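Taking it in order: structure first as structure tokens, then the write-up.
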Amino acid sequence: MTMNGNPTHREKAEENVREHGTQHPETLLAAIMEEVGEISRAYLDATYFDEADPGDLDEEIDDLAALLVQLRWSVEDHPMAFEPFPTAEEIEERRGLGSGTDETDAVDVGLRQSKSDRSWTKDVLEIIEDLDNPPREAVIEKAEGGGIDEETAEHALSRLKEQGHIVKDSRNNLRRV
């Protein structure tokens, strides 16, 4: 505890881990970006609007500092660290070993997706495999023909690319990694 009785940033980070569990760096980076936005809002409110609570800015900065401590833990060898997301190679190694459970599906196509998101993502990945290195537009078109709207298909493609499951080749076609 600090002299004013507030928890240190490390203590706040430990509290976050107890409350939310350990988190991947990618998740923490998203939370950090959200917190930066909240700091910006709190600063602007405190600077330009009379109804702002001056303590909001301090609280948001403390929250950000705790998230930064968690990020440090998550990227170094620390007892509070979390295992990194699997690489494309690790996913390939695990493929075929699954039990068909949601947990296996989550490892296969990405964590923190709803069951329907995972299903659409798998469907889009299968379309890419079936069409053998298709252009993006062909994947979207076939997905729409299969009942997946364009926005959902685009979202699935973005997730697959972010997670390293697909890449664009030199002709700008999609290829499974």
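The values are calculated or read from the model by the stated rules, or taken from the named source; none is laboratory data. Computed from a predicted structure; not experimentally measured. All Cβ positions, glycine included, derive from the backbone under ideal geometry; neighbour counts span all protein chains shown.
Considering the conditions (1) over 30 Å from residue 171 (Cα atoms); (2) at pLDDT 85 or above, residue 148 is excluded by exactly one of them, (1). With respect to the stated conditions, residue 26 fails to be modelled with pLDDT under 70 and part of a helix (DSSP H, G or I).
Restricting attention to region 160-176, the residues that are in a loop (DSSP other than H, G, I, E, B) and either touching a strand residue (DSSP E or B) at 6+ places or on another chain (Cβ under 6 Å) or more than 14 Å from residue 121 (Cβ to Cβ) (or both) total 4.
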